[in-house]
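Below is one structure, written out as structure tokens, with a few remarks after it.
Here, each number is a calculation from the coordinates, and none is a lab measurement. What you are looking at is a predicted structure, and each value in this text was computed from that prediction instead of being measured. Using ideal geometry, Cβ is built from the backbone for each residue, glycine included, and neighbour counts are taken over all protein chains shown.
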Amino acid sequence: MPKMTPKKDRILKMNVFRILREANRYIVNNPMFVLCVCAVNMVYMLCLKAIPGGIQNPLFVVWIITYYIFWCFFYRCYYRLKPYFSSKILLGSLTPSTKAMVIVAALGFGIALLPMVPLFLGFDDVYMDIYERYLQPESAAAFAEGRFSISDIVLIYGIMTLLAPMLICKPYLAWIASLRGQNSSFRKVGDKTKGNYWQFVLISALLLYPEAAASQLDAYWHLYNWLDYTVSTIIFIYTNIVFAKIYDFFYLKH
């Protein structure tokens, strides 16, 4: 008898620029839907800007819940899945999104502790002297003005793009799968998107760096976040359309 060899899973290679072209084509073919989403999203951003105290205000909880429901509604409409509002689907989508939030929070906590590493290594006096003279004043001034040097932006957003495939891209695809009532495990997403790490890095950079540039220009021209909010709104909507096309490539076309 001939030997039976296990079937190998075919590795799909995503073409980033083809995905972007498909996203652009969707926007051209559905202008009213995209404009309505833009308008609603901008209203949400203005409401967030108007909340006294920002995320510390209890109203922020109401805002974030309704905003989450809005984007669930967006994907249900995008895929024309009725009912557009479904409590079962909504609750099911909380599993991947909660996992992603926990992972991001844990990573953020780890990054926040990085400046303390030299202290644990025994460089107390030397490190604290450098930190108090240079790092602390520079960081405080940058955050106060909302402006960073080009090298800071490249470094910060570079780290974000390198981490995005695991922390943002794959959890986002799992979340979309949950909204479609399909398997939303991170393992399944990892299996489907295997071998596309650098493609996700590239697409993350193309989406993140324009927002960073808008934020810095807003601070430089003293526009009180209006440019930042407007550009962020457009990019975030475009990002969701792009991820819908990425999902289509990995889950629906293959």
(request) Collect the residues in region 172-191 that are in a helix (DSSP H, G or I) and buried (at least 20 other Cβ atoms within 10 Å of the Cβ), keeping them in residue-number order. (result) Y172, L173, A174, W175, I176, A177, S178, L179, V189
(request) Taking the residues in region 196-254 that are small (G, A, S) and under 18 Å from Y172 (Cβ atoms) as candidates, determine which candidate is surrounded by the fewest Cβ atoms within 10 Å (Cβ to Cβ). (result) A205
(message) So, I203, is that one of a type outside the set (S, T, Y), over 26 Å from L12 (Cα atoms) and in a helix (DSSP H, G or I) or not?
(response) no
(message) Name the residue that is nearest to A23 (Cα to Cα), counting only residues in region 191-206 that are aromatic (F, W, Y) and touching a helix residue (DSSP H, G or I) at 6+ places or on another chain (Cβ under 6 Å).
(response) F200
(request) Provide a single number: the residues in region 69-86 that are closer than 19 Å to Y238 by Cβ and out of contact with any Lys or Arg (no Cβ under 9 Å at 6 or more places or on another chain). (result) 7
(message) Among (1) assigned to a helix (DSSP H, G or I); (2) surrounded by 11 or more Cβ atoms within 10 Å (Cβ to Cβ); (3) without any contact (Cβ under 8 Å) to a residue 60 or more places away in the chain, there is one condition A105 misses while meeting the rest; what is its number?
(response) (2)
(request) For region 60-93, enumerate the residues that are surrounded by 15 or more Cβ atoms within 10 Å (Cβ to Cβ) and over 23 Å from the mean Cα position of the chain (by Cα). (result) S86
(request) Collect the residues in region 17-59 that are among the polar types (S, T, N, Q) and either outside any helix (DSSP H, G or I) or surrounded by 11 or more Cβ atoms within 10 Å (Cβ to Cβ) (or both), keeping them in residue-number order. (result) N24, N30, N41, N57
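In region 60-102, what residues are part of a loop (DSSP other than H, G, I, E, B) and either small (G, A, S) or under 23 Å from L167 (Cβ atoms) (or both)?
Our first condition is that a residue be part of a loop (DSSP other than H, G, I, E, B); within region 60-102, this holds for 79-86.
Of everything in region 60-102, just one residue is part of a loop (DSSP other than H, G, I, E, B) and either small (G, A, S) or under 23 Å from L167 (Cβ atoms) (or both), namely S86.
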